[in-house]
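Novice: Can you keep this structure in mind? I'll have questions shortly.
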Amino acid sequence: MRVPLAGGPPHEVARANWINNHQCARAPATVCVYSVAGDKQVTFYTFDPFKGTGTKVFELKDELSSLYNWALSPDGSMLALARGKFGEEERGQIRIVFLNGAPEKQINLNGSVNLASVDWAADSKSLWAPTTDEKENELLRIDLHGNARSVWHPKKIKVAWAIPSRDGKKLALHVNSTSANIWMLERQ
């Protein structure tokens with residue numbers, strides 16, 4: 001659904017049995033993508049947020065398709081896909097799918113890591129990916145050649161995702177922690 005910021009009624013943009021994610025590129029790019037999860041596949045479609053459904057661009061077939069996380073690059077040219085809970089032979093792999101139809105690229109990370117999610121850096125030239133492990137995790141910055149640099153190795157909390165600001169100078173993190181803060185905001 002789409003709702004105008006100034007208010008007004010919502011408008012349907014796309015309909016499917018199980019839309020599990022949607023993202024739009026940053027202006028001046030105009031590409032938007034959503035994914036539909038099936039029993040053994042995830043199918044990706046472009047869409048126009050004002051006109052509705054576009055075309056099918058990619059289908060990923062996997063018995064465990066529900067374990068995939070994906071992100072659209074800010075320039076709208078690529079999808080990055082990572083599957084959580086890999087088997088030993090599949091750990092540390094990111095698939096790059098080019099929306100212009102160019103051959104797919106696979107990034108293999110040095111070392112054996114499980115990736116919790118994947119998000120593009122603001123410049124579309126690298127990725128942010130938290131690792132997932134039973135006991136600890138860390139936040140990685142990964143270039144498109146598979147070189148990974150640990151940026152943060154938190155204690156007693158888990159990083160779930162990292163999304164950069166448009167200028168790439170700030171990073172919004174989703175973290176799970178055993179401690180909690182409660183904030184009360186009063187309406188004025």
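The values are calculated or read from the model by the stated rules, or taken from the named source; none is laboratory data. Quick caveat: nothing in here was measured; it's all calculated off a predicted structure. Don't worry about glycine lacking a Cβ; one is built from the backbone with ideal geometry, like all the others, and counts go over all protein chains shown. Side chains included, ligands, DNA and RNA excluded: accessible areas come from the protein's heavy atoms. Shrake-Rupley method; radii C 1.70, N 1.55, O 1.52, S 1.80 Å.
Novice: For the range 77-100, indicate whether the set of residues that are more than 19 Å from Ala148 (Cα to Cα), open to solvent by 10 Å² or more (accessible area, probe 1.4 Å) and hydroxyl-bearing (Ser, Thr, Tyr) is non-empty.
Specialist: yes
Novice: Hey, another quick one. Looking only at the range 35-53, which residues are open to solvent by 40 Å² or more (accessible area, probe 1.4 Å) and assigned to a strand (DSSP E or B)?
Specialist: Those that are open to solvent by 40 Å² or more (accessible area, probe 1.4 Å) and assigned to a strand (DSSP E or B): Gln41, Tyr45, Asp48, Thr53.
Novice: On to the next question. Output the qualifying pairs, or none if there are none: Cβ atoms under 6 angstrom, residues six or more apart or on different chains, first residue in the range 1-21 and closer than 20 Å to Thr43 by Cβ, second residue assigned to a loop (DSSP other than H, G, I, E, B) and open to solvent by less than 50 Å² (accessible area, probe 1.4 Å).
Specialist: So the pair list comes out as Val13/Pro49.
Novice: Filtering the range 54-68 down to residues that are part of a helix (DSSP H, G or I) and open to solvent by 50 Å² or more (accessible area, probe 1.4 Å), which residue is farthest from Ile94 (Cα to Cα)?
Specialist: Ser66
Novice: Given the criteria part of a strand (DSSP E or B) and out of contact with any His (no Cβ under 9 Å at 6 or more places or on another chain), does Ala71 qualify?
Specialist: Considered against the rule, which asks whether it is part of a strand (DSSP E or B) and out of contact with any His (no Cβ under 9 Å at 6 or more places or on another chain), Ala71 comes out as yes.
Novice: Do you know which residues across the range 139-158 are charged (D, E, K, R) and outside any strand (DSSP E or B)?
Specialist: Lys155, Lys156 - these are the residues of the range 139-158 that are charged (D, E, K, R) and outside any strand (DSSP E or B).
Novice: Now for a separate question. Looking at Leu72, is it crowded, with 19+ Cβ neighbours inside 10 Å and at pLDDT 95 or above?
Specialist: Yes, satisfied.
Novice: Look at Glu104 and say whether it is at pLDDT below 80, more than 20 Å from Arg166 (Cβ to Cβ) and open to solvent by 20 Å² or more (accessible area, probe 1.4 Å).
Specialist: So Glu104 does not fit the description; no.
Novice: Taking the stated definitions as given, is Trp161 under 21 Å from Ser73 (Cβ atoms), at pLDDT below 90, outside any loop (DSSP other than H, G, I, E, B) and touching a strand residue (DSSP E or B) at 6+ places or on another chain (Cβ under 8 Å)?
Specialist: So Trp161 passes the test.
Novice: Hey, another quick one. Condition test on Arg95, is it charged (D, E, K, R), at pLDDT 85 or above and under 20 Å from Ser35 (Cα atoms)?
Specialist: Yes.
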